[in-house]
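Below: the structure, in structure tokens.
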Amino acid sequence: MEFYDVSGWLVTSVSSTKGTRDKLVLIKPQTEDTYFLKFPMIREKRDYTPENWSEVLAYEIGNALGFNVLRYDLAVHNGKVGCLSKNMTKPSNNESLIEGHSILSRYDSTYDPSNKDTYNRYTFEFVCNALKAYKAEFFIKDFIRTLIFDAIIGNSDRHQSNWGLIQSIKIVEVKPLKKGLTNPFGKSKKVGLQFTLNIERKAAPIYDSGCCLGREFGEEQIQQHLDIQSKFDKYIRNGVSELRTGEAEKKPSHEELLRFIKNTNNGEWSSFVEEEINRVIQAYTPKAINELILGIDNNLPDQYREKYGMTYARKEFVFRVIDTRIKNLKNI
């Protein structure tokens with residue numbers, strides 16, 4: 001993890017993106033590179049300052065395990081620390097992020113992600129059907145990889161705006177468009193231009209994965225979960241996915257969701273799920289991941305450690321969560 005002071009960067013907008021956290025959109029000096037700086041949610045009785053580390057750790061751990069995860073680092077802006085990520089799209093290449101909610105709503109105009117009465121319609125089958133209709137069936141495998149990654153970190157917030165595609169549109173040909181018009185003089189008139197477009201789509205990296213790894217716990221709760229095995233086991237057991245199975249009202253656990261995907265549609269995705277899980281298990285080295293977690297805050301300046309630092313107990317908790325969840329994958 002790197003640490004940046006972005007107090008002197010140009011602020012182009014404030015809280016301009018979706019979500020519940022305060023955000024800044026910044027431009028790095030002497031470049032045209034756009035960055036997003038997200039601050040942890042702090043409300044009465046809800047201090048999620050550790051979410052900074054959840055985002056950073058999700059990237060570092062995911063990257064170590066071979067997932068395509070958007071990079072997050074820490075940065076300070078006028079004394080306030082948040083997590084920093086570079087814009088994953090390149091406007092100069094006519095790229096844009098097409099978020100999941102746009103794909104789902106285009107497939108079914110009656111679907112409203114903000115309507116609580118339709119939450120149970122957000123299912124794996126629904127996502128697959130929408131992607132096929134959007135001519136982006138290739139992304140189904142990337143989506144499954146994202147769900148496996150969520151099972152490893154315990155992310156409970158993979159909602160419709162927390163995944164998507166990067167789309168680029170290029171003009172490959174422009175020619176005059178003629179249309180025969182009936183008039184007294186019998187002449188044709190140019191009425192416009194015809195554009196031939198090349199549309200390319202690719203998977204966006206996994207992003208916005210901070211709702212995990214005990215980000216809601218204070219230090220006392222972290223220690224309790226380390227000291228009392230039953231509390232730790234309950235925390236693991238209670239981890240659920242935002243994505244549903246069938247028409248079930250209850251959110252499934254990450255393991256239940258992956259088992260459902262393996263068995264759905266006559267086992268169409270069974271082999272792929274097993275291959276991806278085996279790939280993760282082969283890539284996982286407990287010692288290396290533990291060392292990564294222990295050294296995650298090496299570059300955090302001392303002046304920010306008291307308020308924003310990561311305690312040894314929290315690091316131990318994070319490692320135990322990752323280690324336990326990867327072991328649980330073996331039972332899927």
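The values are calculated or read from the model by the stated rules, or taken from the named source; none is laboratory data. Owing to the predicted nature of the structure, the values given are computational and were not obtained by experimental measurement. Note that we place each Cβ from the backbone using ideal geometry, even for glycine, and neighbour counts take in every protein chain shown. In case anyone asks, the SASA skips ligands and DNA or RNA and just uses the protein heavy atoms, side chains included. Shrake-Rupley method; radii C 1.70, N 1.55, O 1.52, S 1.80 Å.
The table below lists the values:
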{"read-out": "Residue ID - surrounded by the most Cβ atoms within 10 Å (Cβ to Cβ), chosen from residues in region 71-109 that are closer than 20 Å to Thr146 by Cα and among the hydrophobic types (A, V, I, L, M, F, W, C)", "value": "Leu104"}
{"read-out": "Where a residue in region 97-111 is without any contact (Cβ under 8 Å) to a residue 24 or more places away in the chain and its partner, wherever it lies, is open to solvent by 30 Å² or more (accessible area, probe 1.4 Å), with Cβ under 7 Å and at least six apart", "value": "Tyr111/Ser105; Tyr111/Arg121"}
{"read-out": "Single residue of region 111-150 satisfying the filter (of a type in the set (A, V, I, L, M, F, W, C) and under 13 Å from the mean Cα position of the chain (by Cα)) that is nearest to Ser271 (Cα to Cα)", "value": "Ile144"}
{"read-out": "Residue match in region 310-317 (condition: more than 23 Å from Phe217 (Cα to Cα) and assigned to a helix (DSSP H, G or I))", "value": "no"}
{"read-out": "Checklist (1) closer than 17 Å to Ala204 by Cα; (2) surrounded by fewer than 19 Cβ atoms within 10 Å (Cβ to Cβ); (3) of a type in the set (Phe, Trp, Tyr) applied to Phe3, failing item", "value": "(1)"}
{"read-out": "Where a residue in region 275-293 is without any contact (Cβ under 8 Å) to a residue 60 or more places away in the chain and its partner, wherever it lies, is β-branched (Val, Ile, Thr) and surrounded by 12 or more Cβ atoms within 10 Å (Cβ to Cβ), with Cβ under 8 Å and at least six apart", "value": "Ile281/Ile326"}
{"read-out": "Filtered residue count, region 60-70, keeping only those that are open to solvent by 10 Å² or more (accessible area, probe 1.4 Å) and in contact (Cβ under 8 Å) with a residue 24 or more places away in the chain", "value": "7"}
{"read-out": "Selected residue [open to solvent by less than 20 Å² (accessible area, probe 1.4 Å) and under 30 Å from Glu137 (Cβ atoms)] from Ile261, Ile281", "value": "Ile261"}
{"read-out": "Which listed residue is surrounded by fewer than 16 Cβ atoms within 10 Å (Cβ to Cβ) and touching a helix residue (DSSP H, G or I) at 6+ places or on another chain (Cβ under 7 Å), from Glu249, Glu255", "value": "Glu249"}
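Per-residue answers, yes or no, for (1) in contact with a Cys (Cβ under 7 Å, 6 or more places away or on another chain); (2) open to solvent by 40 Å² or more (accessible area, probe 1.4 Å); (3) closer than 28 Å to Ile332 by Cβ:
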{"residue": "Asn120", "(1), (2), (3)": "no, no, yes"}
{"residue": "Ala130", "(1), (2), (3)": "no, no, yes"}
{"residue": "Phe138", "(1), (2), (3)": "no, yes, yes"}
{"residue": "Lys141", "(1), (2), (3)": "no, yes, yes"}
{"residue": "Arg145", "(1), (2), (3)": "no, yes, yes"}
{"residue": "Ile148", "(1), (2), (3)": "no, no, yes"}
{"residue": "Asn155", "(1), (2), (3)": "yes, no, yes"}
{"residue": "Asn162", "(1), (2), (3)": "no, no, yes"}
{"residue": "Ile166", "(1), (2), (3)": "no, no, no"}
